[in-house]
Amino acid sequence: MFFHIVLERNMQLHPRHFGRDMKDKLVSKLMKDVEGTCSGRHGFIVAITGVESIGKGLIRDGTGFVTFPVKYQCVVFRPFKGEILEAVVTMVNKMGFFAEAGPVQIFVSNHLIPDDMEFQTGDMPNYTTSDGSVRIQKESEVRLKIIGTRVDATEIFCIGTIKDDFLGVISDPGSTS
Amino acid sequence: MASIEPFNRLVKLAARAFYDDMTTKGENQTKVGRSDNRGTAVVILDALTRRQWVREEDLAKDLKIHTKQLRRTLRFFEEEKLITRDHRKENSKGAKIYNSAVAAAVDGQRNGREGDDKLKMHTQSYCCLDYSQIYDVVRYRLHRMKKKLKDEMDSKNTVQEYICPSCNKRYTALDALRLISPYDEDFHCESCNGVLVAESDKLAAQEMGDGDDNASRRRHDKLKDMLSKMEEQLKPLTDQLGRVKDLPIPEFGNLQAWEVRANAANRAANGDPNGDSKSLHGFNGTPMPYLGETKVEVAFSGADDKGDVKSVNTSTPMKVLPPWMIREGMNLTKEQRGEAGADPKIDGAAPSASDLLDDKKSAIVNDEEKIFQDEYVKAYYAALLNRQHEQVETVKKEEDFLNTAITNEAYDTSTQRQVGMKFKREDYGSGEDEWEEAPPAGGGSTSEQFKVDLNVEAAASEEEDDEDENDWEDG
Ligand SMILES: [Zn+2]
């Protein structure tokens, strides 16, 4: 799920950036530092949409670095249990398959793949129905439901299922290409 | 008024459903025979339903189990959130406060406490059922059981587990990212690099084929069966939960508060025995001594029992008997033989004998009786003397018995008594068949004796006496 929230961060700026475009430098550094990171609390920081305020800088003794408290608005993505996501399959093996929804990695174990889909090994390992009409392989897009999340301080990992109504393959790369 | 009874029932049901085969194993109790203490958990919970706050030592003594074992079980129940416990250092004074509180709350239930130790500080543990928490815990437990089965049934929302066959380390699907190896498509153990195997579903592990259609259907059936069985077997419990749902949950508060309240209630009850005590302790309107609720059981066993009826009668023989009841009165006096010491043989003859001997006896002994019976005492006197000579033995036997008979009859007027006598004799005559207790043969023989006497000597007897005589012949 996406959220638009305000976060705060103390930015350290090298003295060489002190000048007319110091603020731009600060913001670009913020983007570089923060976007794409993940915190267990807020989820993945997808994009910074604006800077609310930059507090008074504090010069560090000895180094000359200046610390600015920066408040910024950003879009975060945080997966929840029970949430339904669309994801791209990245790897298929006999234990199940891995998929990515943006920055989030999701594992779907084979017992949460419908019983009528069987694992086919080979160059392009895949799960296929007996009539071959539905196939899950690398680059397939699937809709899945998250049934568990593992949230660490800097990492979120999910497990999902496609064994439910309206879940499963939503486009088959083999048929389109 | 909040009743604790439904909640106690809940506790008992839950105890039997979930803790019936629970065993607590002591560190040193390794022998199977000794450590098999299944059922104690249920016993302890049952005992707690009859108490409020209880000192664990006392409870152990009541249940005749070792304090250690009790503590172990109680600790378990504390973890299960069924009971709350309290530990405090106390001297004899603290114990006294508690004891009086117990006395107030559970009258007559406390048992002998040891001699008060002189201001020695002891750590005492107390425990008490936590009804509100029990209600929640039981509901939560049922919910989890059901959910687990249902999830397993749908193979939904279950996190696949993996196990390393070589070192038995376990992983879940959430660890998948760390377990994949770049070289093959298996999951590998982090510590020994062995190939992990998926752990088949725990509940239906047996007879599991390798994921083929049939096996999964079988598994599904089995789980479904299990679920329905569970629902069926736990129905009493769920019913009780439903019944308890809207009732106010009994609360005892913590130990100190409970003691204070119990003692206050006690004082209030003592000061005002008319039952205002309930309103005095303002505790959400729930009366404190839940356990004090008295059950009165009335057993109507054997109400139709002949013996019982008789005993009822025997308890009221001294009341004024209406004439038509005199027969029964006589019967009773007969049954009071223990105190009357009369020979059962004379029952049939009792009426006439009583007349005669009464007269004699009352003339000699009893002034009051004499007043009533003076008229015919005189009439009979001569005859009596004669007869007495002849029947000294019989008379002696009868004397005591007649004494009581007289006391019964003395309440009636003499005429009434005469009528009564008549009825009585008639009753006896007809009743001989029905009433086995009345010995007809003996009665017949004695009456015959009397009859002879009367025929000979009763020339001057009054009308009443003639009637009597006739009756005797009839009898
Ligand atoms: Zn291992």
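Here, each number is a calculation from the coordinates, and none is a lab measurement. Everything numeric in this text was worked out from a predicted model, so none of it was measured. Neighbour counts are summed over all protein chains in view; Cβ atoms, including those assigned to glycine, are modelled from backbone coordinates with ideal geometry.
Once amide H atoms are placed 1.01 Å from N in the peptide plane, what residues at a sequence separation of 5 or more from A:Glu139, or on another chain, have their amide H within under 5 Å of its amide H?
The list, which skips near neighbours in sequence, is A:Val89, A:Thr90.
For Cα pairs less than 8 Å apart in space and 6+ apart in sequence, what is the mean separation divided by the residue count of chain A, i.e. the relative contact order in percent?
Averaging sequence separation for qualifying contacts and normalising by length gives 21 percent for chain A.
List residues of the range A:55-97, by number, whose backbone nitrogen lies under 17 Å from a label position 7 Å along Cα→C-beta of B:Val197.
Within reach of a label on B:Val197: A:94-95.
Could you tell me the relative contact order of the range A:69-170? Use alpha-carbon pairs under 8 Å, at least six residues apart, and round to a whole percent.
RCO, the range A:69-170: 30 percent.
Name the residues whose placed amide hydrogens come within less than 5 Å of the amide hydrogen of A:Gly96, ignoring near sequence neighbours (fewer than 5 apart) on the same chain.
A:Asn110
Considering amide H positions built from the backbone, and no H for Pro or chain starts, which residues 5 or more places from A:Phe65, or on another chain, come under 5 Å of its amide H?
HN-HN under 5 Å from A:Phe65: A:Arg60.
Find the Rg to Rh ratio for the range B:134-196, where Rh is the Kirkwood radius over alpha-carbon pairs and Rg uses the same atoms.
Here the Rg-to-Rh quotient is 1.19.
Relative to 2.2 N^0.38 Å, what does the C-alpha radius of gyration of the range A:84-171 come to as a ratio? Two decimals please.
Computed over Cα atoms of the range A:84-171, the ratio equals 1.02.
Using 1/(1 + (r/R0)^6) with R0 = 25 angstrom and r between the beta carbons of B:Lys148 and B:Asp221, what's the FRET efficiency to the nearest 0.05?
0.90
Which three semi-axes in whole Å describe the equivalent ellipsoid of the range A:2-77, each the square root of 5 times a Cα gyration tensor eigenvalue, listed largest first?
Here the semi-axes work out to 24, 12, 10 Å.
Take the Cβ-Cβ distance between A:Glu52 and A:Ile84 as r, set R0 to 35 Å, and report the resulting FRET efficiency rounded to the nearest 0.05.
Computed FRET efficiency for A:Glu52 and A:Ile84 comes out at 0.60.
Evaluate the distance, in nm, between pseudo-label points positioned 7 Å from the Cα of A:Gln73 and of A:Phe2 along their respective Cα→Cβ axes.
1.4 nm
In whole percent, what relative contact order does the range A:2-77 give with Cα contacts below 8 Å and a gap of six or more residues?
That works out to 46 percent.
List the trypsin sites (Lys or Arg not before Pro) within the range A:52-119 that DSSP assigns to loop and that have no more than 11 neighbouring Cβ atoms inside 10 Å.
Sparse-neighbourhood loop trypsin sites (Lys or Arg not before Pro): A:Lys56.
Estimate the FRET efficiency between A:Lys94 and B:Ser228 by the formula 1/(1 + (r/R0)^6), using the beta-carbon distance for r and 35 Å for R0, to the nearest 0.05.
Once rounded, the FRET efficiency stands at 0.50.
From the cross-link list A:Lys81/B:Lys235; A:Lys163/B:Lys245; B:Lys81/B:Lys148; B:Lys68/B:Lys235; B:Lys169/B:Lys229; A:Lys138/B:Lys148, which pairs have alpha carbons spaced over 29 Å apart?
A:Lys81/B:Lys235; A:Lys163/B:Lys245; B:Lys68/B:Lys235; B:Lys169/B:Lys229; A:Lys138/B:Lys148
What order do you get for B:Tyr126, B:Tyr135, A:Tyr127 when you list them from fewest to most C-beta neighbours inside 10 Å?
B:Tyr135, B:Tyr126, A:Tyr127
How many angstrom separate the Cα center of the range A:101-177 from the Cα center of the range A:1-74?
Cα centroid to Cα centroid, the span is 37 Å.
Starting from one equal scatterer on each C-alpha and no solvent at all, send me the Debye-based log10 I(q)/I(0) for chain A at q = 0.10, 0.16, 0.19 Å⁻¹, two decimals.
The calculated log intensity ratios at q = 0.10, 0.16, 0.19 Å⁻¹ are -0.53, -0.90, -1.12.
Could you line up B:Cys167, A:Cys38, B:Cys127 from fewest to most neighbouring Cβ atoms inside 10 Å?
Placing the least packed residue first, the sequence is B:Cys167, A:Cys38, B:Cys127.
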